[in-house]
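Trainee: Structure incoming, see below.
The values are calculated or read from the model by the stated rules, or taken from the named source; none is laboratory data. None of these values were measured; they are calculated from a predicted model. Glycine gets a Cβ as well: all are built from the backbone with ideal geometry, and neighbour counts include every protein chain shown.
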Amino acid sequence: MRLRRVVVTGLGIVSPLGVGHEVVWSNLLASKSGARRVDDFEVGDLPCQIACRIPLGSSEEGKFNPDDWMEPKEQRKVDPFIVFAMAASTQALRDSGFAAKTTEQQERTGVLIGSGIGGIGGINDAAITLKEKGPRRISPFFIPGRLINLASGYVSIEHGLKGPNHSVVTACSTGAHAIGDAARLIALDDADVMVAGGAESPVNRLSLAGFAACRALSTGFNDAPEKGSRPYDKDRDGFVMGEGAGVVVLEEYEHAKARGAHIYAEVVGYGLSGDAHHITAPAEDGNGGYRSMAAALKRAGLQASDIDYINAHGTSTPLGDEIELGAVTRLLGEHAPNVVMSSTKSAVGHLLGAAGAVEAIFSLMAIRDNIAPPTINLDNPSVETAINLAPHKPVEKTIDVALSNSFGFGGTNASLIFSRAD
Amino acid sequence: MSDIEDRVRKIVVEHLNVEADKVTEKASFMDDLGADSLDQVELVMAFEEEFGVEIPDDAAESIQTFGDAVAFLSKATS
């Protein structure tokens, strides 16, 4: 079967560095951090007391006002990840200039937004209600407001999108899988346009306790939150949780050309693999990540030497960063000195199921502006590498091809490759 | 009576995000105030919570308008 070409024509983002891709991008290039001490719930008894938080405020200032994106009556029924998904989707569609107006357009436009842990905050609250007040006090909106695929559901209802309605749940690879799978739906002619990405609202006591129990979170920077996320640095001690959503509008190439849309880049490669090793730890030899990247290159018909920029998974965990770096080094071979690889999680934190989508957007902006965003807090790399890890400051260079990695609990790996469109 | 009306109206306004003056005696939650079947279930739960009463399912089905709710709750709490 012949595959159709797929391009990205719209971007939408809600993140700890702000709302809207231009604002977030400029904060990212200015080496800012979205991390701070958690102060809206009790954290005194938790080993990790920091997270990267969405700045609340007016949309004009690039901050988040949920009322601009979803009616207050509807917000009350859902967990915040759905509100974030609505905000990012509306932005992405506006940015693309596409609206599904005719019946045919509606039926050829779908939604594929995932989340890693969905409405875990609301599930926590409802469990307490059940215990304290009994089953009659459980809201009819409890289930539909927590289900992960309801992000796709709400977005489809808001914008009248009647094509494929789907979702992905692959932990920290969710956002990348969502974009990759959605691109394939277009490539295989199941849709002409897809609204795709990931959303997450994990900053609550239960999630912090759970991820801390996995020994995944940073615990040594409670008094210096902005220093907590430090991928590749020798003092890194775990990831800093983030929150938000990233959504892109994917479109069949001729469809985008015909309406004169601005094209950010083409989705040329998508690779997937499984570690089959451990539920939380990556395989020591980085084989899963390597095969995911190699599969994406194969699909793209490119060589490792074609890669200009890599947005790393790079979560700032002691184990994961070096394993990924090893896999990338093996993939690049002699080309390593020509590549810039950064972890933008150093600035926005780890958005779990939204991470892959937000980082895909950063990769697309890197291609647009020919600039690689920095890895902040990288004071003393724990390993020597020929790859430029963009410590502290962005790196200007020609970027025609960008690869974005996402690896998740369960040993699930996804790599996306974007290429400047002709 | 007016106290009950005020309390019911407040709940309806909050849950359905409608203007208070739209919440008239004959206003139907679903036909006039934009509620769907899930909103209706949640409204009844909110009435139960506010007035400390239990509204059985068959009685809940008969509460279709603001007036129905006020009448039911006036009787249930008298």
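Trainee: Which number in (1) outside any loop (DSSP other than H, G, I, E, B); (2) among the hydroxyl-bearing types (Ser, Thr, Tyr); (3) surrounded by 18 or more Cβ atoms within 10 Å (Cβ to Cβ) marks the one condition that A:THR315 misses?
Mentor: (1)
Trainee: Let me ask something additional. Residues of segment A:402-422 being surrounded by fewer than 24 Cβ atoms within 10 Å (Cβ to Cβ) and out of contact with any His (no Cβ under 7 Å at 6 or more places or on another chain), which ones?
Mentor: A:PHE409, A:GLY410, A:THR412, A:SER419, A:ARG420, A:ALA421, A:ASP422
Trainee: Where residues in segment A:130-153 are buried (at least 17 other Cβ atoms within 10 Å of the Cβ) and either in contact with an Asp or Glu (Cβ under 8 Å, 6 or more places away or on another chain) or charged (D, E, K, R) (or both), which of them is farthest from the other protein chains (Cβ to nearest Cβ)?
Mentor: Within segment A:130-153, the match that is farthest from the other protein chains (Cβ to nearest Cβ) is A:ARG146.
Trainee: Can you confirm whether segment B:25-38 contains a residue that is part of a helix (DSSP H, G or I) and within 14 Å of chain A (Cβ to nearest Cβ)?
Mentor: yes
Trainee: If you don't mind, there's one more thing I want to ask. Go through (1) within 24 Å of A:LYS133 (Cβ to Cβ); (2) surrounded by fewer than 17 Cβ atoms within 10 Å (Cβ to Cβ); (3) within 12 Å of chain A (Cβ to nearest Cβ) one by one and return the number of the condition B:GLU42 breaks.
Mentor: (2)
Trainee: For segment B:56-78, enumerate the residues that are farther than 19 Å from A:SER139 by Cα and either within 14 Å of another protein chain (Cβ to nearest Cβ) or of a type in the set (Phe, Trp, Tyr) (or both).
Mentor: Selection gives B:PHE66, B:PHE72.
Trainee: Would you check if there is a residue in segment A:142-156 being in contact with a helix residue (DSSP H, G or I) (Cβ under 7 Å, 6 or more places away or on another chain), over 18 Å from A:GLU252 (Cβ atoms) and among the basic types (Lys, Arg)?
Mentor: Looking through segment A:142-156, at least one residue is in contact with a helix residue (DSSP H, G or I) (Cβ under 7 Å, 6 or more places away or on another chain), over 18 Å from A:GLU252 (Cβ atoms) and among the basic types (Lys, Arg).
Trainee: May I pose another question? Considering segment A:154-174 alone, what residues qualify as being touching a strand residue (DSSP E or B) at 6+ places or on another chain (Cβ under 9 Å) and either at pLDDT below 95 or within 13 Å of chain B (Cβ to nearest Cβ) (or both)?
Mentor: Within segment A:154-174, none qualify.
Trainee: Check whether at least one residue in segment A:223-238 is under 30 Å from A:ASP192 (Cβ atoms), modelled with pLDDT of 95 or more and surrounded by 22 or more Cβ atoms within 10 Å (Cβ to Cβ), and report yes or no.
Mentor: no
Trainee: I'm trying to understand the selection: among the residues of segment A:180-214, which are more than 30 Å from A:THR103 (Cα to Cα), touching a residue at least 40 places away in the same chain (Cβ under 8 Å) and not charged (D, E, K, R)?
Mentor: Once the filter is applied, which keeps residues that are more than 30 Å from A:THR103 (Cα to Cα), touching a residue at least 40 places away in the same chain (Cβ under 8 Å) and not charged (D, E, K, R), segment A:180-214 yields A:SER201, A:PRO202, A:VAL203, A:ASN204, A:LEU206, A:SER207, A:LEU208, A:ALA209, A:PHE211, A:ALA212, A:CYS214.
Trainee: Given the conditions (1) more than 24 Å from the chain's Cα centre (by Cα); (2) more than 14 Å from chain B (Cβ to nearest Cβ); (3) within 25 Å of A:TRP69 (Cβ to Cβ); (4) without any contact (Cβ under 8 Å) to a residue 60 or more places away in the chain, which single one is not true for A:ALA127?
Mentor: That leaves (3) as the condition not met.
Trainee: Pick out the one residue from B:VAL53, B:VAL18, B:VAL12 that is within 13 Å of chain A (Cβ to nearest Cβ) and in a helix (DSSP H, G or I).
Mentor: B:VAL12
Trainee: State whether the residues of segment A:75-97 include one that is modelled with pLDDT under 95, over 16 Å from the mean Cα position of the chain (by Cα), within 14 Å of another protein chain (Cβ to nearest Cβ) and exposed (fewer than 15 other Cβ atoms within 10 Å of the Cβ).
Mentor: No, the conditions are met nowhere in segment A:75-97.
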